[in-house]
Amino acid sequence: MTADNEAQELRDRLSLIETMIAEGRRSTESWGWTFVLWGVAYYVAILWAALGHTYLAWPVTMTCGVALTMFIGIRKGRTHPGTSIGRAVSSIWMAMGISMLLLFPSLSISGKIDQYGIVAIVAAMLGTTNAASSIILKWKAQFATAIVWWTATVAACFGSHTQCGIVFLVAIFFCQIVFGVYGMIAEARAHRLEADHA
């Protein structure tokens, strides 16, 4: 094999990797609605719990969130082909979701956690998941959400009750609502570009 052939093969491989990363990012953008849905679900649960329904708010809201995510995801998944990178990112998110679904009810029922601990754990798990996704996808905007979640983790450990609540609400807004809308806009823009080139 000549040096030119080896160089061309290397360029082809790099091009394939870049294409796979771009497809993975587009796949993640197509799931922007889930960030918004879960941001709204967190706000509903927080408001409902603040109104005095602490024991019902989180389990009912999270169960509805899971059911809605699965229902919409299954319908939407039929229209989007899977990619290797998209499946890798989805796996990270599913693992985190299952961990949360097992951990938080257990901690709640056992009574071995307080607001600070829940916020710190939720924020750390979401920071880790967003960071892993962003590293795979080489997506700086998603890494910024990881930094916000990690900041919320530290603030929950050292801040007052009020500061902990405010930091969590702000993190939800930027990392779930704003980032989700950003993903939805990016997906719509990509669809428009595809339609223009077709």
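Please treat every number below as a calculation from the coordinates, not as lab data. These numbers come from a predicted model, not from an experiment. Don't worry about glycine lacking a Cβ; one is built from the backbone with ideal geometry, like all the others, and counts go over all protein chains shown.
Observations on the model:
- For Lys76, a cut-off of 28 angstrom between C-alpha atoms picks up these lysines, skipping any fewer than 8 places away in its own chain: Lys138, Lys140.
- Within the chain, helix-based [θ] at 222 nm, where runs of 4 or more DSSP H residues each add -39,500 (n - 2.57), nearest 500: -30000 deg cm²/dmol
- Computed label-point distance, nm, for sites Leu56 and Arg192 using a 7 Å Cα→Cβ extension: 4.4 nm
- Contact order relative to length of the chain, as percent, for alpha carbon pairs under 8 angstrom and 6 or more apart: 31 percent
- Listed residues Ala41, Ala124, Ala50, most fluctuating in the chain (Gaussian network, C-alpha, under 10 Å): Ala50
- Take the chain and mark each of the trypsin sites (Lys or Arg not before Pro) that is in a DSSP loop with at most 15 other Cβ atoms within 10 Å; the longest unmarked stretch, sites excluded, is 1-77.
- For segment 24-164, the Cβ-based charge dipole about the Cα centre amounts to some 580 debye (Lys, Arg positive; Asp, Glu negative; other atoms uncharged).
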